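Read through the structure below, which is laid out as structure tokens, and then see the notes.
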Amino acid sequence: MNHYRGGQPCAGEARLPEGTATLTPVTPKTPRTTETPETTEAAEPPASVTPARDWDAIPERNLDRRELRELVDELAGDPGRWAAEVDFPEDGGGRHYASLYRDAYVDIWLLCWRPEDDTGWHDHDISSGAVRVVSGALKECNPRIGGEHLETLVTDGESFSFGPDHIHRLTGAQPGSVSIHAYSPPLWRLGQYSISDSGVMRRVSVSYADELRPVDEPVDAEQVA
């Protein structure tokens, strides 16, 4: 359901295998709207839940990390916008992810996680972002060169945000975990990192359409961004 307007233990070394799966970049277009049949009454959300804004109500400007966190929290309360995209393929071909919305200022993704799913170390280039866990739990890790990496368990109902300088790694902490991610400006490039046993960190720029995975070998010097 794409709407448009106008992915291991933290102590491991970040690696990127050959043959990485890719997602074809999308071209913004007019968002689709869903009409409720006349014979069907929309269920009222619980009083404690704030319904998510309409896609067209998202400001036509870059959002800061506070606004992105508010956005994913709102969307979590409106599963009608994302529940149909939840999937855990039986073939185990990798982490399942779906683009929910993308325009010139923000993009929103749904990700489904198994315990073996691991994004590897990465940043989001010039984008700020926010993550809301709507089912299960994720483990976020932040690198500490020369020390133990910081680990944070993010459980169902919790969210966090970050700026472009944030480097982290996400893994599924429980089977069947689901999360909503929003970025502004929209993702176009990301930085993928390897960290050697001696603590040397290297970065390579990758497309947002490439599935993030751990890096197996240090990137070549000419590839380092």
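Side notes on the structure shown:
- Translational diffusion of segment 64-104, estimated by Stokes-Einstein from the Kirkwood radius over alpha carbon pairs at 37 °C in a medium of 0.692 mPa s, is 268 µm² per second.
- Debye intensity ratio I(q)/I(0), log10, segment 123-184, q values 0.12, 0.19, 0.22, 0.30 Å⁻¹ (C-alpha model): -0.29, -0.71, -0.90, -1.25
- Pairwise FRET efficiency - residue 104 versus residue 205, Cβ, R0 = 25 Å, nearest 0.05: 0.75
- Taking θ as phi - 60° and the Karplus parameters 6.51, -1.76 and 1.60, the scalar couplings of segment 131-142 work out to 10, 10, 8, 9, 7, x, 7, 10, 10, 9, 10, 10 Hz in sequence order, x denoting glycine and proline.
- Here r is the Cβ-Cβ distance between residue 57 and residue 83 and R0 is 30 Å; the resulting FRET efficiency, rounded to 0.05, is 0.90.
- Kirkwood Rh, angstrom, segment 63-181 [1 / mean 1/r, Cα pairs]: 14.7
Bear in mind that the values in this text are calculations on the coordinates, not laboratory data. Nothing here was measured: the structure is a model prediction, and the numbers come from that model. Glycine gets a Cβ as well: all are built from the backbone with ideal geometry, and neighbour counts include every protein chain shown.
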